[in-house]
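Novice: Would you mind keeping the following structure in view while I ask a few things?
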Amino acid sequence: MTTTADIRRTPARFRAGEARAARIGRPLRLVGGVRRVDEVLMTRIGKALTERDEPGAALADAMRLRAGTPGRVSMADFRTALADGAEAVRDAPAALRDFFAVVEEVPAWVDWEVLEQGAAVYRRFGQNAADVLLQLSLVGGYRFGGPPDLLVATGGLTGGTARRRLAETQTWTTSLSEPGALRRDGEGWRLTVHVRAMHALVNAAFERSDRWDVDRWGLPINQADQAATLGLFDAAVLLGVRTLGVPVSTADSRAVMHLWRYVGWLLGVDEQWLVTSERDRHRLNYHLLRAQDDVTPAGPELAGAIVGVLRGQRHGRFRAERALSMLTVLLGRRSMHDLGLTVRPPWALAYLWPLNTWRYRLLGRTPVGRRRLEAWGRRVIDRTARDHFGDAPPTVGPLRAE
C-alpha cells in the first residue's frame, strides 16, 4: 500500500516497550507456536504504523472541504449513500462513489454461511463475550501507548463522555452478531462503514495537527493499530472466553475468525493483516504486541474511567468488583498495577466456571439448548443497551468533519 506517509521514518514508539510486551505476550507465543521473532514481519508492522486506509482518507478529505467547493461530500450525502448507495446521491462526488464502490464489493473469499455461524457463536457467548470485550480487549489495550493517547486527545472514554463512548462501542460490536447484520442492508454493515468513515475523519483532523506527535506515535489511526485492534475482537475473545470456562470448537473458532475477517475488510484493514485462522492471528498478535510502546498516563486514566462507568450502573459496586476480579485473571497483577487498578482475588471465576460448564457442556450440547443460549445472548445485548441508553435507541458517535 503506497501512502503519503511512506516517506516518514518508523515512529519512536516502535518496539519501545518490547521487553515488557514480550513478557505480557508469553501466552500468545505458546498458542501461536512462535519459536522466534519474525524480523521481516516486524519490519512490516513498523512500516504499517505510517500507513492508513486510503479510500477512507480520500473520503475524509472530501468531507472536510468548504461548502460549495467542487468535489465536497456533505454529511447528508454520506448518510444517503450509507442508506441507499452512492447512486442515490445526485451528482455524487468522486470520493463518495469510489468509497462506496470499495465497501459494497464483497470479497470472493466471503462465505456467508460460515459468517452467519460466527455471528451465532458470538451470540451464544453472551455475557462472556461482553466481559472479555470490555476487560481483555478494551481495558487490556490500554497497557500500551498510542491508541489510548489518541482516545484521551479526542475526549473519548474520559470524564463525562466515558459512559456514552463505551455504549457506542458496545452497540457496534453487538450489532455484528445479529443474523444478516453484515449484508448490505444490515445494521452491522451500516455501523461498520460509519465507523470506518469516523476513523478516517479522526485521522484527517489529527494527522497534521500539533495535538498529535506523528514522529512518536505514527499516524493517529494506522494499519498496524487497526490490525492489533482486530486481533482484540477475534482471537483475543476466543482466548478470553476459554479462560472463563467456555469451550470453543474448531468450527466455531473458524467461524468467528471469518466473521471478523470481513469486518476488518469493511473497516479498511489491509488484506495482509486479515488472517484466516485463530493460530495465525495469535502469531500476528504476538508480533504486534512486541511492536508496542510502554504504558503512558493515558492508560490508567482510561481504565479508571471504565471502572467508574461500571460503578455508576445498577448494582454498580458488584459490577465494578466483579470486573476487577476478572481483570486480575485476564491481565495479571503487574498489568493491574500498570493501569492503576486494584488487584482482586479471582472470585468471579469461582462461579463462572461451574455456570459455564452447565451452560455450554451440558445445555449447549442440544439444539434446544443452543437456541436458549442465543436467546440469553440477545437478552444480554438488550440489558447492556438499557444500562447505557435507557429508553433511547442505541447509537454510535456522530461524524464530525471539522
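Coordinate-derived values only; no laboratory data. Only a predicted model underlies this, so the values are computations on that prediction, with no experimental measurement involved. Glycine gets a Cβ as well: all are built from the backbone with ideal geometry, and neighbour counts include every protein chain shown.
Novice: Out of all the residues in the range 182-191, which are closer than 11 Å to LEU115 by Cβ and either surrounded by 23 or more Cβ atoms within 10 Å (Cβ to Cβ) or under 17 Å from the mean Cα position of the chain (by Cα) (or both)?
Specialist: LEU182, GLY188
Residue-by-condition table, conditions (1) in contact (Cβ under 8 Å) with a residue 24 or more places away in the chain; (2) more than 20 Å from VAL307 (Cα to Cα); (3) surrounded by 23 or more Cβ atoms within 10 Å (Cβ to Cβ):
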position: GLU113; (1), (2), (3): no, yes, no
position: VAL121; (1), (2), (3): yes, yes, yes
position: ALA129; (1), (2), (3): yes, no, yes
position: SER137; (1), (2), (3): yes, no, no
position: ARG143; (1), (2), (3): yes, no, yes
position: LEU150; (1), (2), (3): yes, no, no
position: THR161; (1), (2), (3): no, no, no
position: ALA167; (1), (2), (3): yes, no, no
position: THR171; (1), (2), (3): yes, no, no
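Novice: Also, I was wondering about something else. Residues that are hydrophobic (A, V, I, L, M, F, W, C) and under 18 Å from the mean Cα position of the chain (by Cα): which helices (runs of 4 or more DSSP H) entirely in the range 192-263 hold 3 or more of them?
Specialist: 223-233, 235-243
Novice: Right, here's the next one. Scan the range 210-222 and tell me whether some residue there is farther than 13 Å from LEU266 by Cβ, out of contact with any Pro (no Cβ under 9 Å at 6 or more places or on another chain) and surrounded by fewer than 21 Cβ atoms within 10 Å (Cβ to Cβ).
Specialist: Yes; the residues of the range 210-222 include at least one that is farther than 13 Å from LEU266 by Cβ, out of contact with any Pro (no Cβ under 9 Å at 6 or more places or on another chain) and surrounded by fewer than 21 Cβ atoms within 10 Å (Cβ to Cβ).
Novice: Within the range 341-378, track down each residue that is under 13 Å from LEU327 (Cβ atoms) and either among the hydrophobic types (A, V, I, L, M, F, W, C) or touching a residue at least 60 places away in the same chain (Cβ under 8 Å) (or both).
Specialist: LEU341, VAL343, TRP347, ALA348, LEU349
Novice: Also, quick follow-up: Within the range 56-98, how many residues are exposed (fewer than 15 other Cβ atoms within 10 Å of the Cβ) and acidic (Asp, Glu)?
Specialist: Residues meeting the conditions: 3.
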